[in-house]
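A.B. asks: Provided herewith is a single structure, encoded as structure tokens, for subsequent inquiry.
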Amino acid sequence: MAQCPVNSCEICDNSIGRRFCMDCEQLFCKSCEISHLKTKSCVNHVFQDADKANPEVKTPICKQHGEKYTYYCNTCSSLTCNICLPTTHNKHDFCLIDAAASKTRSVLDREVKVAEDRIRRAKEKVVSFRLNLNNFEDEADNTKTDIAERVAVITKALNDTQDSYFKSIDEHKSKESRKMKDEIDKIENTIAIENDIQSLNQMKSLIDGQNDIILLDLFSDFTKTLKELSLLDIFDKESTAKAKFFPAAAKSGTIEKLIGSIKLVEFSGAEVKPNIKVGDRVRVKSSVKKPTLGWGPGVSHKSIGTVVDIPSNTSGLIHIKFPSYSCWEGYINEMELV
């Protein structure tokens, strides 16, 4: 098993250095510590147990003179030793290191608190951004689903309309085609077209010819044929069935009016926390698919609870008492007032 190194007393080198002088930055054994503190110039030196101090971290000294820093020059914003002060920093604004450190500690204390507050608010923003991100992605997916469902409804209505139109056209086509075919058969059955044409040609030949006997002999037959052809007059009026489509005028925005429109809002930062306080009745927002910390026993979008605590030192947490769960915990940005 590895062991921690044991350092010897830097004064006598004979004993273990269990004590550390914060002023001299040296390890001492107990005997050397007692002797050290009896020295007039070292009587006020501060000692610590060596295991609590960090001997490896040495306080910086003046590189030019090898002396400990005793003053702080406010003009140059730098540490200075007794030798540097009357030369390099002559007539400068300076003070003892203790006074400068005290002022610096006060300034740093305020700045650290400000920085800690910034970190806290940054963490709250991260939580808020994550909530917004989750809600936005869920909302975007739900919006796509809603559009798809709307388009499906319209597509079905269009297909049903098409089927209805096609059925009406097919029925009309069958009915009117049958009527027109019957009319054609009626005309064709009324006369023998080829024979009648032949008879007419014979008539024309005899009319133009000189054989009066044959003309008179066939006149009776010709009269009969002409009488039959006179029946064709009843078919003079032509009636044509029709099946036409008249498209509706495609106006701008027609499809959008059928389906609906979308609204896209750009990301502009963290969601402002709702003005919720202790005692308010609240519920989980309908836009929140699932709370970040879960639902809890019997809690749903319909559940209404009472705010019992809003811890000030947490990143947006809120404690709510629901009828089915009295110690529910979630994020305030996921709640809404009832």
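A.B. asks: Could you give every pair whose Cβ atoms fall below 8 Å, whose first residue belongs to segment 204-218 and is without any contact (Cβ under 8 Å) to a residue 12 or more places away in the chain, and whose second residue is open to solvent by 100 Å² or more (accessible area, probe 1.4 Å) and not acidic (Asp, Glu), counting only separations of at least 6 or pairs across chains?
C.D. replies: Leu215/Ile207
A.B. asks: Quick check, is Lys91 open to solvent by 80 Å² or more (accessible area, probe 1.4 Å), more than 23 Å from Met22 (Cα to Cα) and either in a helix (DSSP H, G or I) or without any contact (Cβ under 8 Å) to a residue 24 or more places away in the chain (or both)?
C.D. replies: Numbers: open to solvent by 80 Å² or more (accessible area, probe 1.4 Å): yes; more than 23 Å from Met22 (Cα to Cα): yes; either in a helix (DSSP H, G or I) or without any contact (Cβ under 8 Å) to a residue 24 or more places away in the chain (or both): yes.
For Lys91, the condition - open to solvent by 80 Å² or more (accessible area, probe 1.4 Å), more than 23 Å from Met22 (Cα to Cα) and either in a helix (DSSP H, G or I) or without any contact (Cβ under 8 Å) to a residue 24 or more places away in the chain (or both) - is met.
A.B. asks: In segment 216-238, what count of residues is obtained for those that are open to solvent by less than 100 Å² (accessible area, probe 1.4 Å) and either part of a loop (DSSP other than H, G, I, E, B) or at pLDDT 70 or above (or both)?
C.D. replies: Adding up the residues that qualify gives 7.
A.B. asks: Just checking, how many residues over segment 12-30 are farther than 24 Å from Thr70 by Cα and open to solvent by 80 Å² or more (accessible area, probe 1.4 Å)?
C.D. replies: Count: 4.
A.B. asks: Do you know which residues across segment 94-108 are touching a residue at least 24 places away in the same chain (Cβ under 8 Å) and open to solvent by 70 Å² or more (accessible area, probe 1.4 Å)?
C.D. replies: Scanning segment 94-108 gives a single hit, Leu96.
A.B. asks: Among the residues of segment 183-197, what is the count of those that are surrounded by 11 or more Cβ atoms within 10 Å (Cβ to Cβ), charged (D, E, K, R) and at pLDDT 70 or above?
C.D. replies: 2
A.B. asks: On to the next question. Please go through segment 6-34 and give me each residue that is outside any loop (DSSP other than H, G, I, E, B), out of contact with any Cys (no Cβ under 8 Å at 6 or more places or on another chain) and among the β-branched types (Val, Ile, Thr), ordered by number.
C.D. replies: Hit for segment 6-34 is Ile34, nothing else.
A.B. asks: Among Ala248, Ala270, which is modelled with pLDDT under 90 and either within 30 Å of Ile169 (Cα to Cα) or not in a loop (DSSP other than H, G, I, E, B) (or both)?
C.D. replies: Values: Ala270 fails: either within 30 Å of Ile169 (Cα to Cα) or not in a loop (DSSP other than H, G, I, E, B) (or both).
Every option except Ala248 fails the conditions.
A.B. asks: Let me ask something additional. Might you let me know whether segment 109-124 holds any residue that is open to solvent by less than 70 Å² (accessible area, probe 1.4 Å), at pLDDT 85 or above and among the aliphatic types (A, V, I, L, M)?
C.D. replies: There is no residue in segment 109-124 that is open to solvent by less than 70 Å² (accessible area, probe 1.4 Å), at pLDDT 85 or above and among the aliphatic types (A, V, I, L, M).
A.B. asks: Would segment 57-75 turn up any residue that is in contact (Cβ under 8 Å) with a residue 24 or more places away in the chain and either open to solvent by 70 Å² or more (accessible area, probe 1.4 Å) or acidic (Asp, Glu) (or both)?
C.D. replies: Pass one, segment 57-75, residues in contact (Cβ under 8 Å) with a residue 24 or more places away in the chain: 58-59, 69-72, 74.
Then keep just the ones that are either open to solvent by 70 Å² or more (accessible area, probe 1.4 Å) or acidic (Asp, Glu) (or both); that gives 58-59.
The answer is yes; a qualifying residue exists.
A.B. asks: Could I ask something else about it? Got at least one residue in segment 200-207 being open to solvent by less than 100 Å² (accessible area, probe 1.4 Å), at pLDDT below 80 and not in a helix (DSSP H, G or I)?
C.D. replies: No: segment 200-207 contains no residue that is open to solvent by less than 100 Å² (accessible area, probe 1.4 Å), at pLDDT below 80 and not in a helix (DSSP H, G or I).
So that you can scan it fast, the table gives a plain yes or no per residue for (1) more than 26 Å from Asn14 (Cβ to Cβ); (2) in a loop (DSSP other than H, G, I, E, B):
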position	(1), (2)
His36	no, no
Gly66	yes, yes
Cys95	yes, no
Asp98	yes, no
Asp117	yes, no
Glu124	yes, no
Asp141	yes, no
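The values are calculated or read from the model by the stated rules, or taken from the named source; none is laboratory data. What you are looking at is a predicted structure, and each value in this text was computed from that prediction instead of being measured. For neighbour counting, all protein chains shown are included, and Cβ atoms are generated from backbone atoms with ideal geometry for every residue, glycine included. Note: areas computed on protein heavy atoms with side chains; ligands, DNA, RNA excluded. Shrake-Rupley method; radii C 1.70, N 1.55, O 1.52, S 1.80 Å.
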